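Here's the structure, in structure tokens; my notes come after.
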Amino acid sequence: MRERSSHLARFRQCYINASVRLALYNLKTTQINMNTLACALFAVVVASASAVPVNNVSVPIVAYTADGPNPDGSYAFSYEAGNGIKVEEHGQLKQLNETNSVVTVQGSYSYTVDDGSPILLSYVADENGFQPQGEHLPTPHPIPEGILKALEYIAAHPEQDEAH
């Protein structure tokens with residue numbers, strides 16, 4: 001019986017020692033991990049700050065108009081910057097039903113890219129979401145002729161139920 005209790009005592013001592021060692025290890029590694037994380041975060045901030053080009057050139061606003069927000073929920077604004085950026089937008093409250101309304105917005109902006117190409121984007125935002133339009137935006141590929149013919153055939157010849 002004594003042999004069994006000493007075996008149990010050794011097991012408890014090893015288990016407790018292992019638990020204490022694990023707790024101390026976790027305490028030390030948590031401290032190390034937090035220090036490592038803080039140093040890594042500091043390095044990212046320093047790298048980000050040094051990677052930002054320093055271009056403190058002020059761009060003047062050459063034209064600006066604003067109207068609203070008005071009591072009916074409408075508004076309008078526009079501005080033009082000295083670097084050629086032009087923005088205009090207007091919106092109004094639209095009643096969808098007795099309990100729901102939505103602000104509908106129409107607007108556009110334009111600017112010139114580095115190669116001299118003009119970019120013009122106009123948009124509508126309403127209960128159907130944001131709908132941009134511009135020649136620079138990607139468009140879906142045209143549907144191949146064979147697929148179009150197949151779709152026309154399917155539409156002209158609907159499936160008929162077979163009676164068994």
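Annotations for the structure displayed:
- Selection within region 108-146 - among the small types (G, A, S) and out of contact with any Pro (no Cβ under 8 Å at 6 or more places or on another chain): S108, G116, S117, A125, G129, G134, G146
- Each residue in region 66-99 was checked for being polar (S, T, N, Q) and either in contact with a Lys or Arg (Cβ under 8 Å, 6 or more places away or on another chain) or open to solvent by 80 Å² or more (accessible area, probe 1.4 Å) (or both), and 4 of them qualify.
- Across region 132-154, the number of residues qualifying as over 20 Å from K86 (Cβ atoms) and modelled with pLDDT under 90 comes to 6.
- When residues of region 117-164 are limited to those that are small (G, A, S) and part of a strand (DSSP E or B), the one farthest from V102 (Cα to Cα): S122
- Checking each residue in region 100-116 for being open to solvent by less than 70 Å² (accessible area, probe 1.4 Å) and not in a strand (DSSP E or B) picks out V113, G116.
- For the criterion of being open to solvent by less than 80 Å² (accessible area, probe 1.4 Å) and either modelled with pLDDT under 90 or over 26 Å from the mean Cα position of the chain (by Cα) (or both), A125 fails.
The values are calculated or read from the model by the stated rules, or taken from the named source; none is laboratory data. Just so you know, these numbers come straight off a predicted model, no measurement behind them. Virtual Cβ from ideal backbone geometry, glycine too; neighbours counted across all protein chains shown. Please note that ligands, DNA and RNA were not included when accessible areas were found on the heavy atoms of the full protein model with its side chains. Shrake-Rupley method; radii C 1.70, N 1.55, O 1.52, S 1.80 Å.
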